[in-house]
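So the structure is just underneath, and the comments pick up after that.
The values are calculated or read from the model by the stated rules, or taken from the named source; none is laboratory data. This one's a predicted model, so the numbers in the text were calculated from it and none came from an experiment. Quick reminder, even Gly has a Cβ in these numbers, built from the backbone with ideal geometry, and neighbours come from all protein chains shown.
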Amino acid sequence: MPKVESSVEINGPIEKVYQLAKDIESFPQFMPDLKSVKVIERSDDGSRVVSEWVGIVKEFKTTVKWVEEDIWDDVNYTCEFHLVSGDYTKYSGKWKFTDLGGRTRFDSEIEVEYDVPLIGPLIKGLIAKKMKENVDNMLAAIKRKVEGNGD
């Protein structure tokens, strides 16, 4: 199963970086292969979020849809997420935010598996590549926004 890892150091406080990362509904604005993210359930304290995601695989003119559950830990600045349902066979991961004294390190680790008869083998590698591109784009966009070079 492909594991996608990416990290970025951001010149900004951990609280700001973490809050921007929690704004998952804004991700399609800066992730070109993500069509939509819709929160369908949120706990009163915001620590548990269930959301519907629609990704775009342009090369095959198709979409990948899934529902995931995110568990946000505001004390330790982490988010662990996993697949509830959808097109992926497996999808899970963890985001970790580390305070570097006015700077923040944002580490992302995602495991993804996509098995669909006939078409699946063709796009398995592509899905991992696209996931890596999207994670890198997300980290870079959050960095730009925190550092004042973005939207």
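Here are a few things to note about the model shown:
- Count - residues of segment 40-69 that are within 15 Å of GLU80 (Cβ to Cβ) and in contact (Cβ under 8 Å) with a residue 24 or more places away in the chain: 6
- Failed item, numbered, when ASP99 is tested on (1) farther than 23 Å from GLU133 by Cβ; (2) surrounded by fewer than 14 Cβ atoms within 10 Å (Cβ to Cβ); (3) acidic (Asp, Glu): (2)
- Boolean, LEU83 is in a strand (DSSP E or B) and either more than 26 Å from LYS143 (Cβ to Cβ) or not acidic (Asp, Glu) (or both): yes
- So LEU118, is it at pLDDT below 80 and in a loop (DSSP other than H, G, I, E, B): yes
- Flag if VAL64 is surrounded by 14 or more Cβ atoms within 10 Å (Cβ to Cβ) and at negative phi: yes
- Boolean, GLY46 is small (Gly, Ala, Ser) and surrounded by fewer than 18 Cβ atoms within 10 Å (Cβ to Cβ): yes
- Pick from segment 19-63, criterion within 13 Å of the chain's Cα centre (by Cα) and among the acidic types (Asp, Glu), ranking: nearest to ASP136 (Cα to Cα): ASP33
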